[in-house]
Amino acid sequence: MSDSRESYSDRMRAQGKYCLALGFDTMGFGDLDGFMVHGERLGGNLKHVDPTRRHLNRVVIVMGEKATEQTKTLDVAALIQEEAMLAAVRNMNSNTAGLRTNMRKPTKAKAVRRAGPQPPCYRTKTSSGPLREGVLALHRDWFLADEDCPRKDRIRFLNDKGMWVEHDRRKYHLFAEIGTRFLLETFGEAVVFARFDGDEQAGHIHFVLACAVEEKPSHRYAQGRTMFVPSAIPAIRDRTETQVINGKEVEVEITGYENAQNLAGQFFEGPEFAHLNIVRAEPKSALIREAEMMAEGERTRMQDEHEVEPLFADPVPDGAPNAVRQFLLQRAKARQDAEKLISEKKGRTVRSGPAQGWALDYLEALGVITPEDRKVHSTRRAQAEFLATFQSTFGTPEEMMADPDLVADRAVDLARKKIAEVAAQAAEERAREDARAAAVRDADDFLERVAMGTQRTQEGLDARAALEAKLAEEKFLAEADRKAADEAARAERDRLIAEAKEEASGIVGSAKTEAQAIVVEALTEAKSILTRARRKADEWLTMAAEKASHWLNVGAVVKTLAKVTGFGSRPEILEADAAAEALKADPDFQRVRQKDQAR
């Protein structure tokens, strides 16, 4: 891809050509209503719409055919939605029949029936529906009115930059006709609706693609099913093609949208419409593939060169994948530019001045000379004298330009010789350093053994004395620590005993006082309870004696009446007389009665 800040469209405009863009987006059945409402300018974002040019809008395709006065008024959204609903109902009935009859799973058939009709399409995470909304747009400058455009065909309006522009009405009609033909020839009956809009900044065509596929009956769908499948449209189906990229034939994956854009470019750039100067928009996908293959080729080249010549060839650097790819692309482009320059200059007669400059640049690139050497020899005489020192190895500047590959090979050989010489010198110097270090180590070892022999006895005695002193000191310190610990433990034990005694004494005294108070309170309460109980008992006994005396008197009267009336021999009277005699004989009753009589 170009490094220029100018866009691809601007570069095409500089060449007198105009870019044609073809874009797509997913759409569901429910989105059709909003699409139609916006097309009729009854809703949606209308800030970019010019109401004075709304009369330029028109329907161009209806249900796969060029629109007529009769078909323009059809409610395409309602037709597609109705077809989808009928397909959903047929699919549900076919599914329930297959589950019940073929698979013998009535429970699942009932579940399908309860779930109701489902959208007749395959569900994916990246798609909002089985329909495809497309737009075919051309660069706005193509519609500009030429000088010979009649006044009646000129359309004057404000563009989005606030400037007055004039478009040619005839170009609007021409693009609408050619665009309609392209859509019908490319997508056929799948174009269920298309509308040309001329009330925006440039004329363009909005269209909707829908393709229903009838699947054969299966074990699960007894009568088959109808599904809306956008990939069934050949123009937007993914495919694999063999292409030549960087001189190599490779198999590449072409997406359906990219294929449709390629078809648009072929249609408008063909012989019939080549005079319109309409070209395909920038093929970004193809450029990205080409860049990726160029980067991978440069990666392979660098890896092979580094494996063969690890001292001269740089390895592939580490980093983020995108950063490494940009590095490889820049390196591949620089290599191509250098190869192109060499191929252009090879075999040509060049003046001495440019030849010397090219030779110095080439030697610097090969690493034979340094950038400082290149800067020092700036005049032609200095360059000629400096290059003369390399003439025996590489030849004259003209010979270098005639065969730069030979110069590169000789530079590699020279570098190898220098590296070999430096490596040999380094090996010799390293051997001398190793021998010198070995001699110094031997001398140090001998002196160390002599010193150790003379000092070993005294060191042994000193070590023994120091050890004995250390052991005595450790023993004294251990004994002192033990005594101190015993004293501390004894003091702590005495303190704890004293505290325990004091606490126990306090607890005993407090308990004795509290117990005495509780006993006194309990005795008082018991006396009070006993007094109340005696009083209550006397009241109950008195009441009982009174009632008993009353009933005894009543019994005597009843007995007397019974004798007079002749009922004294009845069992009830006899039983009551016996109970009265028993009550009189009761000691408690006698005691209470005597006490009551005394009172």
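In region 207-240, of all residues being among the aromatic types (F, W, Y) and more than 33 Å from the chain's Cα centre (by Cα), the one that is modelled with the highest pLDDT corresponds to F207.
The residue list R100, R113, R104, R90 contains one member that is of a type outside the set (S, T, N, Q) and either in contact (Cβ under 8 Å) with a residue 60 or more places away in the chain or in contact with an Asp or Glu (Cβ under 6 Å, 6 or more places away or on another chain) (or both), which is R90.
Scan region 96-110 and give yes if some residue there is of a type outside the set (K, R), crowded, with 17+ Cβ neighbours inside 10 Å, at pLDDT 90 or above and more than 17 Å from A222 (Cβ to Cβ), otherwise no. For region 96-110, residues of a type outside the set (K, R), crowded, with 17+ Cβ neighbours inside 10 Å, at pLDDT 90 or above and more than 17 Å from A222 (Cβ to Cβ): absent. Can you pull out the residues in region 113-166 that are open to solvent by 80 Å² or more (accessible area, probe 1.4 Å), more than 25 Å from M12 (Cα to Cα) and among the acidic types (D, E)? Within region 113-166, none qualify.
In region 46-73, which residues are of a type in the set (A, V, I, L, M, F, W, C) and either over 18 Å from V191 (Cβ atoms) or not assigned by the TED database to the domain that holds L158 (or both)? Within region 46-73, L46, V49, L56 qualify. Annotation: of all residues in region 1-35 being of a type in the set (A, V, I, L, M) and open to solvent by 40 Å² or more (accessible area, probe 1.4 Å), the one that is modelled with the lowest pLDDT is M1. For the subset of region 109-158 comprising residues that are in contact with a Ser or Thr (Cβ under 9 Å, 6 or more places away or on another chain) and part of a helix (DSSP H, G or I), which member is nearest to I233 (Cα to Cα)? For region 109-158, the residue satisfying everything is V112. Looking at E258, E253, E249, E282 in this structure, which one is of a type in the set (D, E) and assigned to a helix (DSSP H, G or I)? The conditions single out E258.
Of all residues in region 357-407, exactly one satisfies the criterion of being outside any helix (DSSP H, G or I) and acidic (D, E), namely D403.
Of the residues making up region 7-35, those that are in contact with an Asp or Glu (Cβ under 7 Å, 6 or more places away or on another chain) and in a helix (DSSP H, G or I) are Y8, R13, F35.
Quick one: would you say I233 is in contact with an Asp or Glu (Cβ under 8 Å, 6 or more places away or on another chain) and surrounded by 16 or more Cβ atoms within 10 Å (Cβ to Cβ)? Answer is no for this residue. Scanning region 36-70 for residues that are assigned to a loop (DSSP other than H, G, I, E, B), surrounded by 11 or more Cβ atoms within 10 Å (Cβ to Cβ) and of a type in the set (A, V, I, L, M) yields a count of 4.
The values are calculated or read from the model by the stated rules, or taken from the named source; none is laboratory data. As the structure is a prediction and not an experimental result, all values here were calculated from the model. Using ideal geometry, Cβ is built from the backbone for each residue, glycine included, and neighbour counts are taken over all protein chains shown. Ligands, DNA and RNA are stripped out before the accessible areas are found, and what is left, the full protein with its side chains, is counted by its heavy atoms. Shrake-Rupley method; radii C 1.70, N 1.55, O 1.52, S 1.80 Å.
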